[in-house]
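The values are calculated or read from the model by the stated rules, or taken from the named source; none is laboratory data. Predicted, not measured: the structure shown is a model, and the values here were computed from it. Here the Cβ positions follow ideal geometry from the backbone for every residue, glycine too, while neighbour counts run over all protein chains shown. Note: accessible area is taken over every heavy atom of the protein model, side chains too, but ligands, DNA and RNA are not part of it. Shrake-Rupley method; radii C 1.70, N 1.55, O 1.52, S 1.80 Å.
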Amino acid sequence: MCGIVGCILKDKEKPVAPILLECVENLDYRGYDSVGIATFDGSIHVKKDKGKIPEVDEKLNLADMPGNFGIAHVRWPSTGVPSKINAHPQLDQAGTIAVVHNGSLKNYDELKGELIADGFKFKSTTDTEVIPHLIRKYMNEGFDLEHAFRKTIERLDGSYAIAVICEEENNKILATRYQSPLKIGVSDDAYFISSDIPAIIDYTRKIILPAEGEMIILDESGVKVHDENGNEIEKETVLIPWTAQMANKGEHPYFMIKEILEQPDAVEFTLDEMDNIRKIVDDLDNIKNICFVACGTSYHASLSGKYLIQHLAKIKTDVVLASEFKYTADTLDEDTLVIFISQSGETLDSMNALRIAKETSPTLAIVNNIGSSMTEEAKYTIITQAGPEKGVAATKTYIAQLTAIYLFAGLLAKDDDLIEELHKVPNYIREVLEKSEEIEVLSKRYSFAEDLFYLGRGFSYPIALEGALKLKEISLIHAEGYASGELKHGPLALINHRVPVIVILPPGSDYEETMVNLEEVKARKAIILSICAEGDGKAECKSRDVFTINPNVSEMVAPLVYTVPLQLLAYYVTLEKGHDPDKPENLAKVITV
């Protein structure tokens, strides 16, 4: 959940600290409670503290540090409370080795005890501090930095992306990764390592993708990558299609609204992946079962995929939370396609599940990040074309995931009508966005809520789940999505005149039954907002408020369109409550621990 950056400039007279500061500012969407930078200019200089980057920068002037190379970090704790001492970089006892680390070490207590017994003194309560002490221990035994670093990572049990600088070998940055993302950036003036591409996109689009266990050495002459035996290996440079402009807010006040408005383009660009998806489908003739594996928002996209594939292709389909996957793994076989959905392609629970699944079954990863860990390990890959997404609450990546899933299902079932309807979706979404002011007005009527329910049936059930998740994660209002037929099995007891209920009512076979459920909450005096088709007089009559959508949107493709006003509602309610929609409390964009 943390983010790391390293940079070495070819020009020895140019300070690297302003660049490192800008890079970690571009990583703040990952979630963080503290920030720190270490640079080298004859000795290691460190500035770090608890707090948001602007607050810490105002206090410490992070850009005013000497040296043409260094490392930086934004921290979100897995071990050790947020504090200046626990902020990274973490140092060895003498302050001659600095380390930044994204990940979580399972055996740090054991290592810490061993090091204390050897006379090393600890200042922090982080797991990371064992790393510089171990490197120092092995360098004291006569190993150079690379070999001391290798011996250190051999001792680590857990996940990590680590970058190191050292006074004795003061012209390089070393880095490595295991079950945690790390990219190498190459420009005419500098070399970078970073947890994520948006951090360095302002400086380069040329990326090298190191594999797990490989050792990265950056110096002023270039980049070297060594395998686990220390042998230098050639690595391909990839040109990332994203631009710096795509990763910036531009004229928009928040990334979330920018990314909501970009959804028509995200759908259109992902539809261009149809030929790639057709090749995958053609290679899957003998699949008898499908299992989706995902977390959070991607889990809701997977539920839509389950309903769609079972309805159209008549293939038995399950959906499993990645964190619960081990309880399903024993049922997999070579006839089961396991589909992993992840915005980042780095989610640790999903990665762990993928490593298990690929031992028995064909695997497909649907991700938004080229070169992510999932693309390396899955047999098949679909890259959604949403561009960089920096708002913590997934919006355009969710709609792009759905688009890829719908294309896959339509091609699998040879349903030309669905494929034709998908090409109308971008304009349907544009029509919704043109009426965003209506949602902004409605938000003022619903921001009072302490509890809020979303109801949907069939294809609309995942819409209800996703709408509730968006509201709760950024507005901090308790919200729950329910299959509307489950009302009588508990939730109805909570409905009263103080509780808003949002009902998803696209036209189709489930409309009348959902309307019965609307009547049930209306009888309990609930405040009802219906998301329905234009001209739906019944919904208008029985609801306090309505937001209407093009009546040509069928219930089958409703998840691609009816989700959008719920994203807007969450966004505007969050603004009404005075919260930052891009940086919700206690959440991070990428979960790698």
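Say whether the condition of being under 30 Å from Ile162 (Cα atoms), among the polar types (S, T, N, Q), outside any helix (DSSP H, G or I) and open to solvent by 20 Å² or more (accessible area, probe 1.4 Å) is met by at least one residue in the range 543-563. No, the range 543-563 contains no residue that is under 30 Å from Ile162 (Cα atoms), among the polar types (S, T, N, Q), outside any helix (DSSP H, G or I) and open to solvent by 20 Å² or more (accessible area, probe 1.4 Å). Within the range 150-171, the set of residues being open to solvent by less than 30 Å² (accessible area, probe 1.4 Å) and within 15 Å of Leu91 (Cβ to Cβ) comprises Thr152, Ile162, Ala163, Val164, Ile165, Cys166. Taking each residue of the range 528-553 that is more than 19 Å from Glu440 (Cβ to Cβ) and looking for partners that are at pLDDT 95 or above and among the charged types (D, E, K, R) with beta-carbon atoms closer than 7 Å, six or more apart or interchain, yields Asn550/Glu431; Asn550/Glu534; Pro551/Glu534. Looking at the range 74-124, which of the residues that are in a strand (DSSP E or B) and of a type in the set (S, T, N, Q) is surrounded by the most Cβ atoms within 10 Å (Cβ to Cβ)? Here the residue is Asn102. Among helices (runs of 4 or more DSSP H) entirely within the range 436-539, having at least 2 residues that are within 18 Å of Pro565 (Cβ to Cβ) and open to solvent by 10 Å² or more (accessible area, probe 1.4 Å) singles out 436-446, 461-475. Among the residues examined, Leu20 qualifies as touching a Cys at 6+ places or on another chain (Cβ under 7 Å) and within 17 Å of Asn102 (Cα to Cα). Here Ser350 does not fit the description of being open to solvent by 50 Å² or more (accessible area, probe 1.4 Å), in contact (Cβ under 8 Å) with a residue 24 or more places away in the chain and of a type in the set (Gly, Ala, Ser). Taken over the range 426-454, residues that are modelled with pLDDT of 95 or more and in contact with a Gly (Cβ under 9 Å, 6 or more places away or on another chain) amount to 1. Scanning the range 27-48 for residues that are modelled with pLDDT under 90 and open to solvent by less than 20 Å² (accessible area, probe 1.4 Å) gives Leu27, Tyr29, Arg30, Gly31, Tyr32, Ser34. Hey, does the range 377-385 have a residue that's under 24 Å from His252 (Cβ atoms) and surrounded by fewer than 21 Cβ atoms within 10 Å (Cβ to Cβ)? Yes, some residue in the range 377-385 is under 24 Å from His252 (Cβ atoms) and surrounded by fewer than 21 Cβ atoms within 10 Å (Cβ to Cβ). Please find, within the range 520-548, the residue that is nearest to Ala449 (Cα to Cα) out of those that are touching a strand residue (DSSP E or B) at 6+ places or on another chain (Cβ under 9 Å) and among the small types (Gly, Ala, Ser). The selected residue is Ala526. Before we move on, is Tyr454 in contact (Cβ under 8 Å) with a residue 24 or more places away in the chain and within 25 Å of the chain's Cα centre (by Cα)? Judged against the criteria, Tyr454 is a match.
The set of residues in the range 212-231 that are open to solvent by 30 Å² or more (accessible area, probe 1.4 Å), in a loop (DSSP other than H, G, I, E, B) and closer than 24 Å to Asp188 by Cα comprises Glu220, Ser221.
The C-beta contact set for the range 417-443 (first residue among the polar types (S, T, N, Q), second residue open to solvent by less than 20 Å² (accessible area, probe 1.4 Å) and in a helix (DSSP H, G or I), distance under 7 angstrom, 6+ apart or interchain) comprises Ser436/Leu568; Ser443/Leu569; Ser443/Val573. If I go through the range 193-203 residue by residue, how many of them are surrounded by 23 or more Cβ atoms within 10 Å (Cβ to Cβ) and in a loop (DSSP other than H, G, I, E, B)? Result for the range 193-203: 4.
When the range 17-53 is filtered for residues that are in a loop (DSSP other than H, G, I, E, B) and under 28 Å from the mean Cα position of the chain (by Cα), the ones remaining, listed by number, are Asn26, Leu27, Gly31, Tyr32, Asp33, Gly51, Lys52. If the condition is being open to solvent by 20 Å² or more (accessible area, probe 1.4 Å), not in a helix (DSSP H, G or I) and not hydrophobic (A, V, I, L, M, F, W, C), then the range 394-428 contributes Lys414, Asp415, His423, Lys424.
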